[in-house]
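Visitor: Structure provided below as structure tokens; questions to follow.
The values are calculated or read from the model by the stated rules, or taken from the named source; none is laboratory data. Quick caveat: nothing in here was measured; it's all calculated off a predicted structure. Because the Cβ atoms are built from the backbone with ideal geometry, glycine has one as well, and the counts that use them run over all protein chains shown.
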Amino acid sequence: MKIDINNKIRQLCKERRISLKELAEGINITQTGLQGILKNNSTSLDKLIEIVEFFKVPVGTFFDEPEAPIGNGVNMTATGNNNKQSVALNDCHHKVALLEKEIEGLKKEIEGKDKIIGLLERSK
């Protein structure tokens, strides 16, 4: 499985009319840092996740086989800062699902606290 960060980032920026400067700011790196990612066509897994979240696209967008089944055990290698991480895609999908459930629970908790705050403000 091949990752294609450079072309996909440029394509997404063009489609959404987002400058590379805006993307760099959106993922909290310098323009020089983003240029390094594009030049080397690689990044850390954490930064890839930030890019995916910025564009609101599936992680598979950055792979040459985005339609691969989740449970196939294929690993990808993400490099950055002279280190390598190997992560199974199905592990990533599982972690994302767990985090999405946690986010939903936190949203409900916030809604409940907002209601309590509203009641307390009205009782003043």
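Visitor: Kindly evaluate GLU15 against the criterion of being surrounded by fewer than 12 Cβ atoms within 10 Å (Cβ to Cβ) and either among the polar types (S, T, N, Q) or modelled with pLDDT of 90 or more (or both). Quick ask: steps written out before the conclusion?
Guide: Working: surrounded by fewer than 12 Cβ atoms within 10 Å (Cβ to Cβ): yes; either among the polar types (S, T, N, Q) or modelled with pLDDT of 90 or more (or both): yes.
In short, yes.
Visitor: So which of ILE37, ILE49 is in a helix (DSSP H, G or I) and touching a helix residue (DSSP H, G or I) at 6+ places or on another chain (Cβ under 7 Å)? Before you say what the answer is, go through the steps one by one.
Guide: Details: ILE49 fails: touching a helix residue (DSSP H, G or I) at 6+ places or on another chain (Cβ under 7 Å).
After applying the criteria, what remains is ILE37.
Visitor: Continuing with the same structure: Of the residues that sit in the stretch 18-44 and are within 15 Å of the chain's Cα centre (by Cα) and of a type in the set (S, T, N, Q), which one is surrounded by the fewest Cβ atoms within 10 Å (Cβ to Cβ)?
Guide: Out of the qualifying residues, it is ASN28.
Visitor: Against the condition surrounded by fewer than 16 Cβ atoms within 10 Å (Cβ to Cβ), of a type outside the set (A, V, I, L, M, F, W, C) and without any contact (Cβ under 8 Å) to a residue 40 or more places away in the chain, how does LYS47 come out, does it pass? Can you show your working first?
Guide: Working: surrounded by fewer than 16 Cβ atoms within 10 Å (Cβ to Cβ): no; of a type outside the set (A, V, I, L, M, F, W, C): yes; without any contact (Cβ under 8 Å) to a residue 40 or more places away in the chain: yes.
Considered against the rule, which asks whether it is surrounded by fewer than 16 Cβ atoms within 10 Å (Cβ to Cβ), of a type outside the set (A, V, I, L, M, F, W, C) and without any contact (Cβ under 8 Å) to a residue 40 or more places away in the chain, LYS47 comes out as no.
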